[in-house]
Every structure is written in structure tokens, then in C-alpha cells.
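The structure appears below as C-alpha cells.
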């Protein structure tokens, strides 16, 4: 009778869940996977080989953020798995689902460990950073493990799930007729397709309708769950302002008349006076001041309606007056249906215009202070030029410390799933891999990375990955020749800027490095050169690196820095 190896069975099971990229470096332990992909092009699985396993996990992370489809990261036994784990930790911190496949040495060498090369307690290590880690003990259990992994990764609080397969099980043979590949997990199950309790919807709708002023605050869940249409419909019906967490940007276009961006200064402070707050899919983490003043009103004067898909997140950092547990698109639709029964569509609340005026005042102050200087440019002007150059649907990736502060304050995010950043975990070096994952997910859309030179160096070899795979990402590198945010921190710590300790970089021409890897490259020192460089980069149809020499002194204190310091102090 026909036989199939454990590795082939694994790929059949993964393919049954739907086409997805596999990010991994070739390894003797799982070369069967490479052969299967080569021999089965009709199954829609393809392998992208990064230059480092952690970068592969970041690529899978970026792919999911644009598509909503979990990708697969794979690594070999021992060192490969160890390299992979930091990328998996980042995905876990960002609540990004991912299927993580690791191989380990033969079963007789790992259970228990007996001093073989390239071994550590992989299952236990990955279990500590994943939602679960499954050690396969026989090939017949692979289908059940894959089905379980997808369910676990995509339900509740999403996150990565590891399947660890020893080499002997990868290569062992099973009867093909008895090894039934896993069934496709239904999308409605993965979506946790449930609404909130009717009595809770009633209480929340009455609070919203009777409020003197309500506001809506939404987290990454709105974007990840595809709930932006329902969110905007409810906000427009009530005529209220909408703000987002840094990770939730794109839930509402930031040029919408009711949108207040995350770092809108006085506007956000003024919104703390609203007496009802509807929070959708957020946890009021550190960048949200843990739900406390001055960003938010006192609990006794500002009622909280909190929507989340899992009970442990509701009221985690701020007590909820009304808890709505369920899938965000459905709960928002429930709310809109009940609100529309209780009241007619409302005009824009007069406070929203005041908030927009305050927001514009802040933006004008930034423009007056940072956008007029041509040589050298501030990083803020670099960001502004990029936003003006690219289309609305361009996917923007940000990476770095102070560079990310500039992006947060200057960049407008105008479409959902077009902003990639490790807003929760803050992991440097995700920029190039995120951009690669995003480009794989949206071949017809521009992908622009704006990064600092420190963060850019972490995974710079992935430029070769982009060139090898014909992925024309555009990387704009703001070069201040330092760990910029650490210069900021040292000035606060030392109380002066007379010297810095171990934060300076040697002079590096990142455009020359890119050129050596077959990428388009440009060197920019003045503002009038940047738009031309962006145009030429796009026309090249190659991965591109634009080295921009930015104002080193201005980069030490980007706008919003005081808010960041304050968020650390809020407990």
C-alpha cells in the first residue's frame, strides 16, 4: 500500500488550511518539506528563505497583519529553533497568530536529553512563549496537531502555536490511506463568531444614547478582526470622536473628520472630559496610560463600556461599567442596531470640531518647528514627504526608537491594515522583515519602511532576501549615526548633553550596502532630493534603500517624547 512520510503528511495538513507562505532556512531535518513544495505547486504553498530564522518569523507576522491569514515559520533543531524564538516572542507580544514548526533531533536523543548536539528542551521553551507547544510522538498525530494549532492560534487572544517534530518522525512512513490529513478549520469558528449578551447591549446602548458626550477608543483588534466598517458606522451614527491605540491605527482613516490620532496632544487631553467611553478590543496598556488620567477621565466621572473577545481583557487595567464579550464586528453591529432604535442619527457632536481644531494646532506647531529646515532635514520632514508621495493604500512599516516617535506624530494612516509596527513589544529590527511579509501579501501595493539606522542594522541582510525574491519594498533610512532614543534617555539621566556613552555609530553608507545586494540605492542630504529619490526607487521595481542624512540634534527630542516619558510613570 502507498506510504507517506511524516513531513509530507504535515505539509498536506498545512495546505488543507489554505495557501500560506512558509518562512524557513533549508535544514537537513525537514528537506522533505522543500521537496513536497517543489512537487506540489498546485497546492499554493511556497517557501521564502530568509537570512535569519527570527526574520522569517517577523515576515510571517507582517504577512498576517496585511491579510488576516496566519503564515508558517519553520526552523531546524537546536540553533535554528533558538534563533527563531525571538521572532515568535515578538508575535506573541503583538497577539499575532502564527504556526511555528520546529524539528528536533531523533526521539531517542531528546527524551530525555542525553548530551547530543543541537538539543535543548524545545517544547518546554516554546511553550513558555507560545499559546501552546505540541511535541509529536508519532506521525499519525500530525493531522490532529495541525487542526488544534490553527484553532488555538486564532481563537481567544490570538498568538503563535508551536508543533515540534523529531527528525525520525519527519522521515518515518505511514500508510497513506490511514493518515487522513486534517480538515480545514471553519472560518466562522476561528472568528469566534459570537455576539454580546442582549441585556449588556441594552445597557451599553442606553449609556451611549443618554451620554452628554461619548467617545470611542479602539485597539488592534478592530483592524485584526475586520471590524472597521462597523466601527465607523456606529461612530458616524452617534456623531462622536474616535481615537485608537498605536497598534489600532487604520481602524478609522486619520483624515476622517471624527478621527483623533493616538498622539494628538491637547485633543486627547480634552477628550478625557467625555462622560462615556466605548473601548473596542483594547487592554489599556502602557501606551494608553493604563486607562488613567490625564489621558482618560476618572472612573467615577467617565463610564466605560468595554468590548473584547475574552473576559480576562475586559476591565484589566480599568474597571468596566458595562462588559460586552464577543466578536468585535458583531458586537458593534448589535450596538448600532439597538442605538438606531433608541435615537435618530445624530449630527456631529460640537466637541469633535474643538478636538480637530486642537489637533490641527498641534500639527501646525510641529510643521512650524520641524518642516521648514531643508539641510539637514528633520526626520519629521522625511516622514511628511513619504506620506505625500505615496497613495492612500500604501503599507507603511515603522521601525526604530525616535524614528517611530516621528512617524507616530507626523504620519497619517489612511486605510486599515496599512500600518505595521511592534507597538506592544517594541522589538527593533522588524522593519525589513515586516515589509517583506507585507509585500508578499499585497503585491500590487507599495510598501514603504521608515526606519532609523540602528534598527535597520538588525536584519540588514534581509535586503538580499527581498532582492532574491523580487520584492520591491522601499526602505527610507533616517541616519543619525546613533542609538537616537538612547541619546534622549542619557540626556534625561545625566542632566546634560556634554557627552554620550556608547551610543554613537561609525559612519556607514547604507545605500552602498544595498547596492552591493542588488538593490536600488540613493543618498539624500537635502529635502529637495528626497521626492526624486522616492520616484526613482519606485520606478526601479527593485528593493530600494534611500539613505537620508537627518538632523542629528533635532532627532534627540522628537515630538511626543514627553508623553512617552509620562506613560512610563503612569501606573
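The values are calculated or read from the model by the stated rules, or taken from the named source; none is laboratory data. All of these numbers come straight from a predicted model, not from anything done at the bench. Glycine also receives a Cβ, built like all others from the backbone with ideal geometry; neighbour counts cover every protein chain displayed.
A few notes on this one:
- Positions within the stretch 454-468 being surrounded by 24 or more Cβ atoms within 10 Å (Cβ to Cβ) and either over 20 Å from the mean Cα position of the chain (by Cα) or farther than 17 Å from residue 554 by Cβ (or both), in sequence order: 455, 456, 459, 462, 463, 465, 466
- Residues satisfying the stated conditions in the stretch 494-504, i.e. under 29 Å from the mean Cα position of the chain (by Cα) and either part of a strand (DSSP E or B) or more than 17 Å from residue 554 (Cβ to Cβ) (or both): 504
- Residue 66 part of a helix (DSSP H, G or I), over 23 Å from residue 133 (Cβ atoms), in the same structural domain as residue 122 (by TED's automatic domain parsing) and touching a strand residue (DSSP E or B) at 6+ places or on another chain (Cβ under 8 Å): yes
- The set of residues in the stretch 139-164 being over 16 Å from residue 12 (Cα atoms) and in contact with a helix residue (DSSP H, G or I) (Cβ under 8 Å, 6 or more places away or on another chain) consists of 151, 154, 155, 157, 158, 159, 160, 161, 162, 164.
- Taking the criterion of being in a helix (DSSP H, G or I) and modelled with pLDDT under 85, the residues of the stretch 138-197 that qualify are 187, 188, 189, 190.
- Count - residues of the stretch 108-127 that are in contact with a helix residue (DSSP H, G or I) (Cβ under 6 Å, 6 or more places away or on another chain) and modelled with pLDDT of 85 or more: 1
- Number of the condition not met by residue 471 [criteria: (1) surrounded by fewer than 19 Cβ atoms within 10 Å (Cβ to Cβ); (2) in a loop (DSSP other than H, G, I, E, B)]: (1)
- When 84, 14 are checked against the criterion of being touching a strand residue (DSSP E or B) at 6+ places or on another chain (Cβ under 8 Å), part of a helix (DSSP H, G or I) and free of Cβ contacts under 8 Å to residues at least 60 places away in the same chain, a single residue qualifies: 84.
- The test for being at pLDDT below 95 and closer than 14 Å to residue 167 by Cα holds for residue 105.
- Residues satisfying the stated conditions in the stretch 250-284, i.e. within 22 Å of the chain's Cα centre (by Cα) and more than 19 Å from residue 327 (Cα to Cα): 253, 254, 255, 259, 260, 261, 262, 263, 264
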